[in-house]
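*Asks:* Structure below; questions to follow.
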Amino acid sequence: MANNTQGGGRSFIDNLGKIYGIYTGGFAAFVIFLAILEQMGVSNRIIGYLFVFLTVGVYALIGILSRTAEMGEYYVAGRKVPAFYNGMATGSDWMSAASFIGMAGSLYLLGYDGLAFVLGWTGGYLLVSILLAPYLRKFGQYTVPDFLGARYGGNLARFCGVIVLVSASFTYVTAQIFGVGIIASRFLGISFEVAVFVGLAGILVCSMLGGMRAVTWTQVAQYIILIVAYLIPVVILSAKVTGVPIPQLMYGQALEKIEVLEKTIGVVKGHTAVFANAKGETSFIDAVNFFALILCLMVGTASLPHILMRYFTTPSVREARQSVAWSLFFIFLLYFTAPAYAAFAKLEVYQNVIGAQVASLPAWVHSWGDIGLVGACDAPNAATIYAMCKGVVGNGDGILQLSEFKIAADAIVLATPEIAGLPYVIAGLVAAGGLAAALSTADGLLLAIANALSHDIYYRMIDPHAPTKRRLIISRTLLVVVAILAAWVASTKPSTILAMVAWAFSIAASGLFPALVMGIWWKRTTNAGAVAGMVAGYGVCLYYLITTQFYGAPLWFGIKNISCGLFGIPAAFIVTYVVSMMTTAPSKEMQDFIDSIRIPRGEVKLARAEDAVGH
């Protein structure tokens with residue numbers, strides 16, 4: 001992989017199927033080996049350590065072998081990544097801790113309302129395919145701020161883009177490191193505050209040494225692990241409950257069993273959802289919140305710089321389109337399985353936990369309770385032992401009731417193998433998958449942040465003559481600094497993984513989407529209009545988020561701040577349009593440049609900054 005010559009690179013590309021086939025077989029043999037060790041009596045702690053450190057070690061090895069000092073390879077992997085593998089890497093980049101760890105947990109707790117995340121995130125790729133990816137690839141540069149700088153003539157638009165990119169990506173990467181901390185603290189037996197920093201090692205080795213080249217090939221490897229880890233437990237549960245190992249088609253039987261059990265344990269039927277009131281009733285504003293979240297997640301998906309960067313790595317515009325299609329397929333495999341995961345997990349909880357003697361609860365309740373993600377609130381000293389039980393008082397009968405059992409959404413996927421009594425090696429496999437999901441997204445996000453600061457701020461704005469070596473040193477230094485800062489913020493547990501991710505989507509959508517879409521599809525968009533729109537959208541979104549989340553400000557029209565982009569997105573579009581109409585139209589050269597981006601074939605002659613202003 002380290003061979004950067006054209007012949008060596010071509011040989012590697014031609015043998016990708018064989019290379020990753022061997023890798024997959026090796027990983028399967030590794031899991032079987034650990035299963036044998038478990039049967040021989042090796043402790044769960046040792047198995048957990050082996051899963052975490054050996055899988056991270058493989059990613060680090062790929063990062064080292066893929067290291068590069070060439071700027072093109074560092075930023076865009078040399079544009080040699082076939083559509084199939086770029087789709088797999090994008091799927092890995094996309095399916096973060098929020099998707100792997102939080103998606104099924106949200107469906108478990110929220111029911112149908114959890115589908116807002118599935119619909120929003122999946123639908124966003126349609127916007128990427130139709131509105132952005134092919135045209136940004138045709139543009140032919142490295143980063144989203146590169147496009148803003150060229151399209152809108154100079155450094156002000158580029159700088160605004162960097163601010164939005166860093167804000168959204170930092171919020172997003174904090175959520176990923178939060179997920180890494182949960183996994184490391186549970187399976188390595190260390191405190192959460194320490195675990196988030198331990199998890200940084202694997203992230204930094206992959207992204208710091210090889211840039212986009214190393215991250216791309218690492219993410220392909222990570223996708224293989226995460227999808228295998230996600231599917232195996234729920235396939236086993238499906239076979240156990242229904243006799244058919246196809247959970248995506250069979251979880252209806254689990255839902256039927258859940259409905260029967262709910263009648264016996266006293267669940268009050270109704271629309272119990274995140275936007276429902278205390279009686280389980282919904283109203284017009286509940287529906288508005290549901291669709292507002294879908295909109296923000298869709299538009300945010302089409303605005304995330306670390307995802308859009310992936311389409312700069314394909315050999316052609318056509319393969320950029322194909323990459324989006326493959327991305328959707330690989331993402332579909334997990335999202336189509338998430339409802340089944342939630343259903344079978346809930347069935348296991350109802351059958352094996354609710355109604356059990358508190359004194360004889362399985363060990364996993366205590367293990368996850370110790371890190372604050374599970375609470376058995378009728379247990380002695382529950383309020384001090386289980387953080388989830390704070391404010392909940394058990395009835396003291398020694399029998400765990402549904403109202404006395406608390407489990408965080410972030411624990412559902414990771415804890416399900418233990419809840420179902422599966423071999424511990426399956427729990428370790430799921431932990432490895434969650435770690436792969438969090439690491440792959442964190443790599444892409446940190447690289448996007450570092451590249452924006454080193455390439456778009458330092459190289460483009462401060463020192464255009466900086467040598468390659470200095471630019472790479474600055475990028476890698478900034479990457480480490482940002483990673484450490486994100487780990488520190490994650491250690492404070494600012495919110496749940498899904499909430500932090502949703503905030504990042506709204507920030508990106510409000511600050512970048514209007515400028516990107518109007519820059520491609522409306523030639524009349526001006527420099528002043530784009531800058532004013534980015535400032536307005538980003539400002540409104542951030543103001544609403546911060547004041548409602550941290551200062552107790554009232555909600556606007558009842559809209560939850562998880563959908564703060566609902567106010568920022570229209571503000572950005574309106575301001576961009578109004579200011580553009582009030583200022584001088586872009587020059588003919590710039591409008592010709594925009595036309596050339598829309599044509600799939602042929603090369604693009606990059607516009608000059610001065611062409612963005614009419615003269």
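Laboratory data are not the source of any read-out in this text; all were calculated from the coordinates shown. Remember, it's a predicted structure, so these values are computed and weren't measured experimentally. Cβ atoms come from the backbone with ideal geometry, glycine included; neighbour counts cover every protein chain shown.
*Asks:* What is the distance, in nm, between label points placed 7 Å from the Cα along the Cα-to-Cβ direction at Trp521 and at Ile32?
*Replies:* Spacing of the two 7 Å Cα→Cβ label points: 5.1 nm.
*Asks:* Okay, moving on. For region 397-452 and region 548-567, write down the distance between their C-alpha centroids in whole Å.
*Replies:* Cα centroid of region 397-452 versus Cα centroid of region 548-567: 28 Å apart.
*Asks:* Would you please give the FRET efficiency between Val42 and Ser403, computed as 1/(1 + (r/R0)^6) with r the Cβ-Cβ distance and R0 = 45 Å, to the nearest 0.05?
*Replies:* That gives a FRET efficiency of 0.70.
*Asks:* Please sort 440-448, 229-237, 472-480 by packing, taking for each peptide the average over its residues of neighbouring beta carbons within 10 angstrom, highest first.
*Replies:* Numbers: 440-448: 30.9, 229-237: 22.8, 472-480: 18.3.
Averaged packing, sorted descending, gives the order 440-448, 229-237, 472-480.
*Asks:* Oh, and also: Obtain the nm distance between the two label points defined at Phe332 and Gln357 by a simple spin-label model: each point lies 7 Å from its Cα along the Cα-to-C-beta direction.
*Replies:* For Phe332 paired with Gln357, the spin-label model returns 5.0 nm.
*Asks:* Mind ranking 335-348, 486-499, 402-415, 252-265 by how tightly packed they are, going by the mean number of other C-beta atoms within 10 angstrom, highest first?
*Replies:* Ranked by mean Cβ neighbours within 10 Å, highest first: 335-348, 402-415, 486-499, 252-265.
*Asks:* Please go through the residue pairs Lys346/Lys493; Lys346/Lys560; Lys138/Lys523; Lys523/Lys588 and name each one whose alpha carbons sit more than 21 Å apart in this structure.
*Replies:* Correct reply: Lys346/Lys493; Lys346/Lys560.
*Asks:* Based only on other Cβ atoms within 10 Å, what is the fewest-to-most ordering of His455, His366, His306, His465?
*Replies:* With the sparsest Cβ surroundings first, the list reads His465, His366, His455, His306.
*Asks:* A further question on this structure: Run the dipole for region 508-607 about the Cα centre, Lys and Arg Cβ at +1, Asp and Glu Cβ at -1, nothing else charged, and hand back the magnitude in debye, nearest 20.
*Replies:* The dipole magnitude comes to about 120 debye.
*Asks:* Rounded, prolate or oblate: which one fits region 457-614, using the alpha carbon gyration tensor with axes a ≥ b ≥ c (rounded when a/c is under 1.5, else prolate when a/b beats b/c, else oblate)?
*Replies:* Oblate shape, in that a/c is at least 1.5 and b/c is the bigger or equal ratio.
*Asks:* If R₀ is 30 angstrom, what is the calculated FRET efficiency for the pair Ile546 and Met581, using the beta carbon separation as r and rounding to 0.05?
*Replies:* Using R0 = 30 Å, I get an efficiency of 0.45.
*Asks:* Find how much the distance from Phe291 to Ile484 grows on full extension, using 0.36 nm per residue of separation minus their present alpha carbon separation; answer in nm with one decimal. Don't skip to the end; give the middle numbers.
*Replies:* Working: separation 193, 0.36 × 193 = 69.48 nm, distance 3.56 nm.
So the chain would gain 65.9 nm between Phe291 and Ile484.
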